[in-house]
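Derivation of every value follows stated rules applied to the coordinates shown; laboratory data play no part. Since this is a predicted model, take the numbers as computed values, not measurements. No Cβ is skipped: glycine too gets one built from the backbone with ideal geometry, and neighbour counts run over all protein chains shown.
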């Protein structure tokens, strides 16, 4: 509501230069009356028995109810003030110049000041009360000290902490949104010994650690010190304190008197003292006096999850003393809001940076093929040695690469699966380090199944679905069929984590029909020069039978699968096509994939032209000890389980029937992919991966460049 000001400029009297000068009574009919801007109102007491000293924060109103402090029998009042004080009366009143104003039961005095004080109590306002015959009944005097206080963050997300942004206390998504961003400080400044994530330490170990934190600035302007008993405190709720930690930059001018103090001061613990944490919910912060800025460093401790929406509020309050041994009361509070940056996955269409594989006692042919493929693109190639992987070759299953991003910093973050095979130490011991973060979710009370391995965790390229844009793509996981009573599922703690990140809304597919149960066994994405910029590749028994029947019809029924493979029995095209039991099994598999095909079309906004069916057959095997369950495995190396490195594809070598000296399955894959400008390299993983129910993708992992798109610009 707008308040009509009745401020006048009255000539000041100066009888005693050592005292604040008072103006004459203010005329409420002055032509200079204006509308004051809407500000926060702070209730203020008036006292005719005692003179009160009050601190006023620029940008607020002191609101005094006149009738509340009026002596008995008061009928009129008048107001005097020094030059730096403005006031208005609500509701507006009328009266003659320099005459007492009638006192109404609801008369309110709104007081403000135009600029910060240079010294304590350098301004004054008084209210004089009169009786029926204009006799003076009492006088209330306020000694005023004006200060500017602003707790500031980068609310407009440009990397700079601006002053007193009007939107700093709330958070809004979108390119026209607002609100500060906070990173979980989940990397480690320690490279080797005693390495733990920085967010697990309640002190700053290195200056380099500060760049992973968000800057918050306390800006003040006013006298050299606050009046006696006033103090500034920073505070946070218990719930939010579990998710954030605040450090302060100690002033370089801070006095240190002894050699011991100098030593401690030079230690980072003293240079960056802890202000707020789960153990310290409120703490006084210094008021520096004059025109000053105090820098704070805010550290994220937790990613969004099912019990944390990602929003954190930090408050700053100015407290007013009442009396000795009586608690102070707040007269002003400022607040800022941060959103913790989500963990973001990277799809196959983003540029590769580094490829990871394991070295085992038996996989030299696989390593040779991968090394040659990676060298074509010039990417970094990292081989996990035997003493680290301890025979666990499934690099894809152990971890998933992603990143976190803010206007001031971003870095990769590895998500460690709850699978915990013999590769379990690799993500923490080998990847965690400076500017390389680590996060995991532990399924303490849940049964961990194969579906918790991260071959069962993928992400699509950017899509638009029914007009809704997903510029960071959508996460894809595999679960049990809705009616399955004893099916396997990804653990709740991991699913909750993925859903809570918000920016890549997950899609659940049916993958429990597979023996291993991973979505990467029947689908992947490859870049494409047209349409949506990618194609979805799906394993398709129907496409497989179409190819084999075509070979049979063209007189190649005697061509053999698996020729040249040691200890592997060959089988002809005729035998495959004529095996009715195998056909029935693949009809079931095709039905499962078709279910997922429909889900993916609906949830990713795809047309049939965006999907390519790959000729892959499966077979059903008995799985499970207590109760036998039939689940599917690939009949020959599963070509959809590939690694995508730009335009180069590393595909499991299928060892299919040869026609005119060339593998018919390889020829079909090349025909399908080369039309998209992609190059196919076939890697022999038969003995060391395929026979162990995995393929090229299962045995490798890729760290990729982040998206150019900034997650906070999402329209939510």
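Averaging the Cα positions of each part gives two centres, and for the range 172-222 and the range 464-495 these lie 31 Å apart. Can you work out the FRET efficiency for the pair residue 601 and residue 193, with r the C-beta to C-beta distance and R0 = 41 Å, to the nearest 0.05? E between residue 601 and residue 193, to the nearest 0.05, is 0.20. A straight chain from residue 166 to residue 630 at 0.36 nm per residue would run longer than the Cα-Cα distance by 160.9 nm. For the range 311-331, the residues whose amide N sits under 17 Å from a probe point set 7 Å from the Cα of residue 219 along the beta carbon direction are 316.
By its C-alpha gyration tensor, with a ≥ b ≥ c as the square roots of the eigenvalues, how is the range 471-532 shaped: rounded for a/c under 1.5, else prolate for a/b larger than b/c, else oblate? In terms of gyration-tensor shape, oblate. Entry note, the range 153-340: relative contact order of 29 percent, from Cα contacts under 8 Å with a spacing of 6+ residues.
With contacts taken as Cα pairs under 8 Å and at least 6 residues apart, the chain reaches a relative contact order of 10 percent. The alpha carbon centroids of the range 321-340 and the range 424-445 are separated by 39 Å. For residue 708 and residue 442, a Förster radius of 45 Å and the Cβ-Cβ distance give a FRET efficiency of 0.85, rounded to the nearest 0.05.
For the range 344-713, the relative contact order comes to 20 percent (Cα pairs under 8 Å, sequence separation of at least 6).
Sorted fewest first by neighbouring Cβ atoms within 10 angstrom, 668, 328 come out as 328, 668. Between residue 390 and residue 584, the modelled labels are 4.4 nm apart [label points 7 Å from Cα along Cα→Cβ]. When the square roots of the Cα gyration tensor eigenvalues are ordered a ≥ b ≥ c, the ratio a/c for the range 344-713 is under 1.5, which makes its shape rounded. Cα centroid distance between the range 526-543 and the range 364-409, in Å? Centre-to-centre distance over Cα atoms comes out at 24 Å. Computed from Cα positions, the angle between helix 364-377 and the longest principal axis of the chain comes to roughly 50 degrees. Projected onto planes of every orientation and averaged, the convex hull of the alpha-carbon atoms in the range 153-340 covers 13.3 nm². Gyration tensor over the Cα atoms of the chain: the corresponding equivalent ellipsoid has semi-axes (square roots of 5 times the eigenvalues, largest first) of 72, 27, 20 Å. Compared with the dominant principal axis of the Cα atoms in the chain, helix 541-553 is inclined by about 30°. Footprinting exposure proxy ranking of 346, 440, fewest other C-beta atoms within 10 angstrom first, gives 440, 346. Label positions at residue 660 and residue 481, each projected 7 Å from the Cα along the C-beta direction, are separated by 4.2 nm. Once the Cβ-Cβ distance of residue 608 and residue 282 is raised to the sixth power relative to R0 = 35 Å, the FRET efficiency obtained is 0.05. Dividing the helix sum by the residues of the chain, where each DSSP H run of 4 or more adds -39500 (n - 2.57), gives a mean residue ellipticity at 222 nm of -4000 deg cm²/dmol.
The C-alpha atoms of the chain define a longest principal axis, and helix 580-604 lies at about 20 degrees to it. Approximating the spin labels as points 7 Å out from Cα along Cα→Cβ, the residue 375-to-residue 292 distance works out to 6.4 nm. By the beta-carbon count within 10 Å of each Cβ, the least crowded to most crowded order of 196, 89, fewest first, is 196, 89.
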